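The values are calculated or read from the model by the stated rules, or taken from the named source; none is laboratory data. Only a predicted model underlies this, so the values are computations on that prediction, with no experimental measurement involved. All Cβ positions, glycine included, derive from the backbone under ideal geometry; neighbour counts span all protein chains shown. In case anyone asks, the SASA skips ligands and DNA or RNA and just uses the protein heavy atoms, side chains included. Shrake-Rupley method; radii C 1.70, N 1.55, O 1.52, S 1.80 Å.
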Amino acid sequence: MGEYKSYRKAFSRLGLRYVLGTVILYAVNILGQIIIMKAAPPLLNDVNMLLIYSMVVTYLVGMPVIYLLVRKMPVMQPQYHKMSAGQFVLAAIMCFSLMYCSNLIGTVITTLIGIIKGSVVETNAASQVAMTADMRLTFIFMVLCAPVIEEFIFRKLIVDRTVKYGEGTAVLLSGLMFGLFHGNLSQFVYAFTLGMFLAFIYVRTGKLKITVGLHMIVNFMGGIVSVLILKMLENSELYDMIYEDYDPAALGNYIMSGEGGGMISSLLVLLVYSGIIVGAVITGIILFIVFRKSFVLRSGEITLDRGRRFRTVILNPGMLLYCLFWFAMIIYQLIFG
């Protein structure tokens with residue numbers, strides 16, 4: 001009985017450190033916005049400046065604080081195992097499929113909540129920023145900075161300190177804390193599932209660079225390629241004829257007349273991109289089915305009884321506080337977002 005108290009305290013300490021880091025991050029963010037509001041209010045309406053500000057506060061203040069708070073906790077790193085180039089490609093396809101499927105689920109849930117609420121719920125703030133911010137800043141933020149720092153903070157720091165209790169515990173906790181940190185329901189769903197998959201890859205390989213690479217590919221496809229396609233469509237006649245004044249007969253006649261050369265190019269790009277997405281999603285689902293027996297989570301040096309596992313890992317002051325804080329943020333976003 002005494003040993004379980006020590007286990008609960010260990011998980012509580014981890015949760016409390018992440019809560020403290022989050023509170024400091026929010027405090028600095030709010031204080032900075034107050035200063036900007038008084039010194040240079042127009043900057044708050046500049047999407048690019050807000051993105052730069054977010055990067056500075058999150059990655060140069062918030063994440064380093066979490067690292068400093070957590071770094072001295074006992075560590076047990078997963079063993080190193082090689083991953084071939086072919087396995088990496090398959091893992092990337094599975095990541096891509098998992099992201100799109102879970103993102104669709106999250107979007108559907110938030111849409112239904114919006115219908116019940118009677119107003120639109122913001123589904124994905126990151127995608128909205130990607131659509132309006134400078135593409136170079138988006139690339140730096142989403143493809144270079146986010147994967148490296150987030151994988152270190154939510155994969156390595158968490159898994160290295162919990163894998164001794166079993167891979168299942170480490171994988172679930174990494175995905176849960178990563179998903180909640182996004183602060184809204186839509187992103188939580190895909191960040192939670194993708195976070196667990198990346199945590200599984202990390203406990204199997206022990207190499208963070210692999211999960212960083214996979215995270216970069218996912219963010220590049222979702223935050224850069226898809227945005228470029230959408231922007232191209234928004235600036236084309238095809239977008240207006242489909243979404244503004246949809247007339248199938250007029251659209252067909254316009255294309256067949258030969259006057260819609262640009263529209264045909266846009267339509268081909270859309271069809272090819274859509275085909276790639278559908279193909280990757282279906283392939284990923286098939287791969288998950290084929291390799292389902294490979295997703296075996298091994299026990300750790302410390303075995304937690306099933307009846308006490310949830311209470312030990314989650315039902316402790318630190319983890320409960322972390323979960324409640326982010327649940328409150330998600331509910332707030334659903335009501336007022």
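Run lengths n ≥ 4 of DSSP H only: what is the helix-derived mean residue ellipticity at 222 nm for the chain, with -39500 (n - 2.57) per run over all residues, to the nearest 500?
Dividing the helical sum by the residues of the chain leaves -23000 deg cm²/dmol.
Between M73 and M37, what is the label-point separation in nm under the 7 Å Cα-to-beta-carbon projection?
Rounded to a tenth, the inter-label distance reads 3.3 nm.
If R₀ is 45 angstrom, what is the calculated FRET efficiency for the pair R311 and V269, using the beta carbon separation as r and rounding to 0.05?
0.30
Output the peptides 291-301, 85-95 sorted from most to least packed, where packing is the average of other Cβ atoms within 10 Å over each peptide's residues.
In decreasing order of mean packing, 291-301, 85-95 become 85-95, 291-301.
Taking only C-alpha pairs under 8 Å that are 6+ residues apart, what is the relative contact order of region 74-205 in percent?
That works out to 40 percent.
Which trypsin sites (Lys or Arg not before Pro) from region 1-81 combine a DSSP loop assignment with at most 11 other Cβ atoms within 10 Å?
In loop regions of region 1-81 (DSSP not H, G, I, E or B), the sparsely surrounded trypsin sites (Lys or Arg not before Pro) are R71, K72.
Assuming R0 = 25 Å, what is the FRET efficiency of V296 and V89, from their Cβ-Cβ distance, to the nearest 0.05?
Approximately 0.70, to the nearest 0.05.
Quick check for you: with a 1.4 Å probe and neighbouring chains kept, what is the accessible area per residue of the chain, in Å²?
On a per-residue basis, the chain sits at 52 Å².
How many nm separate the modelled label positions at M232 and L287, each set 7 Å beyond the Cα in the direction of the Cβ?
Each label point is offset 7 Å from its Cα along the Cβ direction, giving 2.4 nm.
Using Cα-Cα distances under 8 Å and only pairs 6 or more residues apart, what relative contact order does the chain have, in percent?
31 percent
In vacuum, with every alpha carbon of region 32-142 counted as one equal point scatterer, what does the Debye formula give for log10 I(q)/I(0) at q = 0.12, 0.15, 0.18 Å⁻¹? Two decimals, please.
-0.80, -1.09, -1.17
Can you bin region 298-337 into rounded, prolate or oblate? Criterion: square roots of the alpha carbon gyration tensor eigenvalues sorted a ≥ b ≥ c, rounded for a/c under 1.5, prolate for a/b above b/c, oblate for the rest.
Prolate, since a/c reaches 1.5 and a/b exceeds b/c.
Based on the alpha-carbon set only, what is the convex hull volume of the chain divided per residue, in Å³?
167 Å³
In the structure displayed, which of K9/K72; K156/K293; K117/K231; K82/K209 lie more than 21 Å apart, Cα to Cα?
Beyond 21 Å: K156/K293; K117/K231.
Quick one: pull the percent of accessible area on the chain belonging to carbon and sulfur, 1.4 Å probe, ligands and nucleic acids left out.
With neighbouring chains kept in place, the figure for the chain is 69 percent.
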